[in-house]
Amino acid sequence: MYWLRRRLYSQNFFTNRELIRKLIRSSSISSKDTVLDIGAGSGFITRELAKVAAKVIALEIDPGLASRLPKLKNVTPVCQSITDFPLPDTPYKVFSNIPFSKTADIIRKLLHSPSSPEDSYLIVQAEAADKFTLGQVSNTMSALLYYPWWEISTRFQK
């Protein structure tokens, strides 16, 4: 059942706390920011974001995992899919280990929204990163379409 649920929700858990802290420290997230954590899972990233940001909105579609998200005063857990969630009207940033099967939908929603994020830090598969970033040899249509309006780059690669 666990395996089926992970496939259904395209779950991939990122649990290395030291690496999460390092990634957050290298971002522009500060104590004044509202941060959206898409696919919050069991809350590893959410907990670390809560130590740095003013407010964290933790989106998790899986009701079992959403019920276990941290109960902290600056964390708002939401059991909902990003595709149905209305993005904030006020300035916000995104820091997430997004569901890999929803990468294109999530990026499209964030970039095409009238209230796009000020900054986004997404943990994605290498192939997805290649799809959205400009390359030296060849480029995808997505990379070419977003290039004039957005700076999309790869910070860390395995």
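The values are calculated or read from the model by the stated rules, or taken from the named source; none is laboratory data. Everything numeric in this text was worked out from a predicted model, so none of it was measured. With ideal geometry, Cβ positions are generated from the backbone for all residues, glycine too; neighbour counts draw on all protein chains shown.
Of note:
- Remark: pairs (first residue in region 97-118, surrounded by 14 or more Cβ atoms within 10 Å (Cβ to Cβ); second residue in a helix (DSSP H, G or I); Cβ separation under 7 Å; 6+ apart in sequence or on different chains) = ASN97/ILE45; ILE98/ILE106; THR103/ALA128; ILE107/PHE132; LEU111/TYR146; SER116/LEU110; PRO117/LEU110.
- Single residue of region 82-97 satisfying the filter (within 26 Å of LEU19 (Cβ to Cβ) and of a type outside the set (A, V, I, L, M, F, W, C)) that is farthest from the chain's Cα centre (by Cα): TYR92
- Residue within region 28-43 that is in contact (Cβ under 8 Å) with a residue 12 or more places away in the chain, under 12 Å from SER96 (Cβ atoms), in contact with a helix residue (DSSP H, G or I) (Cβ under 6 Å, 6 or more places away or on another chain) and not aliphatic (A, V, I, L, M) present: yes
- Selection count, region 53-70, where residues are in contact (Cβ under 8 Å) with a residue 24 or more places away in the chain and surrounded by fewer than 18 Cβ atoms within 10 Å (Cβ to Cβ): 3
- Of the residues making up region 32-74, those that are among the charged types (D, E, K, R) and assigned to a loop (DSSP other than H, G, I, E, B) are LYS32, ASP33, LYS51, GLU60, ASP62, ARG68, LYS71, LYS73.
- Residue among SER101, SER81, SER96, SER67 that alone is small (Gly, Ala, Ser) and within 14 Å of ARG47 (Cα to Cα): SER96
- ALA128 meets the stated requirement of being outside any loop (DSSP other than H, G, I, E, B), within 24 Å of SER26 (Cβ to Cβ) and either at pLDDT below 90 or not small (Gly, Ala, Ser) (or both).
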